[in-house]
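Undergrad: Right, I'll just put the structure down here and ask away after.
We did not get these values from a lab; they are worked out from the coordinates using the rules stated. Note that the structure is a prediction, hence the values are computed from the model and not measured. Cβ placement follows ideal geometry from the backbone for every residue including glycine, while neighbour counts extend to all protein chains displayed.
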């Protein structure tokens, strides 16, 4: 299964776990994220893990207007020159309390979580189609069962969900486009927050945070689910 | 039931029908849309219908950054000075074929259909809460069963749906926030398009376009559904 | 709007409220339920309310194998001889703790809440089609967000939901078939139960039980929603 | 991953594929189905595949009232004496044209697809809990987007879906209970039916039947998805 997978948001906690899992199963990866040092460090680690040269990295800031074309250009400059599949694991989870919700919060969050990823899938659709590839995006169960203080984030994930759904119809049958909506994943820094714990207890049947490995398991399953497009699978709620 | 209802997108086909129906049942309306002439003409007609002075109008362009605050300011300048309920009937239905999908399409459509309406609800939430008011938004069944050539529009309606859902949790229990997702409404100009007819046949159990009156019926039902928030009701699919 | 509406489960709390509301808006009703005394008493009350002769009643036990044909036969014997619309408001809400769940619980609850109502719609489909009629059924939001101690009931409401959805496709476009899924409706006898109150707080954005009037409002809306079939509208969750 | 998985409906096309895949990944299986010869033959094949003794079989007819207890008793008599996980792959797909839909169709189909499986999960819940086990059931996307001629089947799958959802809440967090809803799986005997092909084209983005392997992939993914309960994942629509 030596496919080339673009991991967007590769240096976030889930992005790193996904990239590692892809490398472990012999996929090639192209890593993109904003911070060049984190990218280089992750690439180094993954090269050691694979016993190969470090994977290609493309440094890009999804908030910039040219994010999608600049990532495509970066891919063209790598040895491989193209990708087969995309995992969208963009990271930020901005807290936007209602009282202080501003236009900029919505614009910025929609740009990072919806506009840039959708344009990127669009820009790479020929690569994806040629490889009969798949897009798997991380979403959030909050789009159907929202929690407070995250209107901008939930709006953006709803935009991404609907936009990918529309792209799944446009790009079928050659490209499969699916989303995985997550509950609350364990985060050593955040788990001490009593609000998180309370939210968890009130919502999750399983009564615990998910692990990165549990998310990775379903990301890989969905990448390989060749008879599935336009779907949203939920976990951890 | 003499409530004051802000109708956003009042001069569109559905907006006009909704405004008329509200006036017919003795609601006061405040009309907002972009075109001052159409607004004046509609206000005149509604005044005659009600046998009163024409309702207040607030001319505003939802694509402008200051759309929400400028509508609020306009409301404050009306005789009533405040509103009780909001109907979001923003109109544009841009065609964005995949081949030529541009960043601007997504930004523009998200601004008109999601960012501006969400900010407006946010800005008027004190009015709504004081009146134990309701927000009813028109959405599109395409968010769950998309059609081609409308990625930007479907993305924006998905953003609106998720954002309103999040607001419903933030604003409960004083404000109710719901969405009505529509199938294809009859449009004398567009109905000759064979693609519309084909899409209809392939999708709709009832096999026909909806009428504005049928949409109005459910908008009013949802405005009055005092035990409902955060819901999406579908019609016409 | 002088239609003839069969109200199934007419003597339950919601059934009574629905029958009254129908009579108030000049619909004719045919009432069916199990207890002849309650039926007679309700018919008497509704006759007084309408200033007419009491409406027709058909006494039937939905647990009996011949429930559907016997109700149809009863309808044929009434003055009207036929019905235009059906409201399914079957009442029982059996508690079936997991430890003691028995086969009979599932069979019995499925019979009352799914098999008998589906067969009744089926048996009356020619009446419905001739009148371009509607079926509105009361369901329960527990099918998508279940609570404990009601596996049999939730299973049966899930069966009804899917079965009506299938019938909506079979009977389109002449007959419309829709469901209303409810949260927890106020019940003077049950509301003292602290478990109910706790369940409510944990689940409902609006934080209160619904009233029968609030349910009736949506039942009537859905009866009149001429551009809607195969849908499930949720309220009170 | 040497778990013991009960495969219900093991001799159907999907059941066989699932049983093979489980054996290939070193799971132990207990097979149950109605036909003793088919069961024996499958057990023989799986023994050869594993290079071990044939797996245990429990012959049972899900239409019988004592199906669940008799399967449990059969399991107790096997060498293993207990199971860890359950895959519900019950087979029949009865065609029930609307004109001739009978009470028996609904009763029979509900018994096989919902009552017996739910009672079986209930009866084995202590085994499942002790093993922190999972239930994965095959459902049908027809519950949300129905097709004609299958009211009984769709009703039964809707009952199973809701019932398992209710059980997922009752049995959490020790037991995970999930469903996989399928589109139309390839079937050499049935694929020549032009109605199937037409239904496919009208509904499926991918425009083809699924393979048993593609279903198996998601069944195994869901068995291993340790942070998931009460979910329905859709494929092939």
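Undergrad: Rounded to the nearest 5, what % of DSSP beta bridges with both residues in segment C:84-205 are antiparallel?
TA: Antiparallel: roughly 0 percent of the beta bridges in segment C:84-205.
Undergrad: Which percent, nearest 5, of DSSP beta bridges in the protein assembly as shown are antiparallel?
TA: 0
Undergrad: Helix-only mean residue ellipticity at 222 nm, chain A, DSSP H runs n ≥ 4 weighted -39,500 (n - 2.57), per residue, nearest 500. What is it?
TA: -13500 deg cm²/dmol
Undergrad: How high is the FRET efficiency between residue B:37 and residue A:63 when r is their beta carbon distance and R₀ equals 30 Å, given to the nearest 0.05?
TA: Taking R0 as 30 Å, the efficiency between residue B:37 and residue A:63 is 0.15.
Undergrad: Starting from the 7 Å offset along Cα-to-Cβ, what nm value, one decimal, do you get for the label separation of residue C:2 and residue D:226?
TA: In this crude spin-label approximation the distance works out to 7.0 nm.
Undergrad: Quick one: work out the % antiparallel among DSSP beta bridges in segment B:4-235, nearest 5.
TA: Rounded to the nearest five, the antiparallel share is 0 percent.
Undergrad: Still on this structure, I have one more. For chain B, set up a GNM with springs between Cα atoms under 10 Å and report which of B:174, B:105, B:187 has the largest fluctuation.
TA: Looking only at B:174, B:105, B:187, the largest GNM fluctuation is found for B:187.
Undergrad: Another question about this same structure. Roughly what angle does helix C:67-77 make with the longest principal axis of chain C, taking Cα atoms, 0 to 90 degrees, to the nearest 10?
TA: Relative to chain C, helix C:67-77 is tipped by roughly 30 degrees.
Undergrad: What Kirkwood hydrodynamic radius do you get for segment A:112-237 when you take the inverse of the mean 1/r over all pairs of distinct Cα atoms, in Å?
TA: Hydrodynamic radius (Kirkwood, Cα pairs) of segment A:112-237 is 15.4 Å.
Undergrad: Taking Cα atoms, how many degrees apart are the long axis of helix B:13-24 and the longest axis of chain B, rounded to 10 and kept between 0 and 90?
TA: 30
Undergrad: Can you give me the Rg/Rh ratio for the protein assembly as shown, using Cα atoms for both radii and the Kirkwood formula for Rh?
TA: Reported Rg/Rh (Cα atoms, Kirkwood Rh): 0.97.
Undergrad: Another question about this same structure. For helix B:36-50, report the angle its Cα long axis makes with the longest principal axis of the Cα atoms of chain B; keep it between 0 and 90° and round to the nearest 10°.
TA: 60
Undergrad: Between segment B:3-54 and segment C:100-116, what is the C-alpha centre distance in whole Å?
TA: That distance is 52 Å.
Undergrad: Quick one: among D:161, D:82, D:24, which has the greatest mean-square fluctuation in a GNM of chain D with alpha-carbon springs under 10 angstrom?
TA: Between D:161, D:82, D:24, it is D:24 that shows the largest mean-square fluctuation.
Undergrad: Return the inverse of the average 1/r over all pairs of distinct C-alpha atoms in chain C, which is the Kirkwood hydrodynamic radius, in Å to one decimal.
TA: One over the average 1/r among Cα pairs gives 17.9 Å for chain C.
Undergrad: Sticking with the crude label model, points 7 Å out along Cα→Cβ, report the distance from residue B:193 to residue B:24 in nm, one decimal please.
TA: In this crude label model, residue B:193 to residue B:24 measures out at 2.7 nm.
Undergrad: Let me ask you something else. Springs between alpha-carbon pairs under 10 angstrom, Gaussian network model over chain B: which of B:68, B:130, B:114 fluctuates most?
TA: Most flexible of the set in this elastic network: B:130.
Undergrad: Below 8 Å between Cα atoms, with a sequence gap of 6+, how large is the relative contact order for segment C:4-235 in percent?
TA: 19
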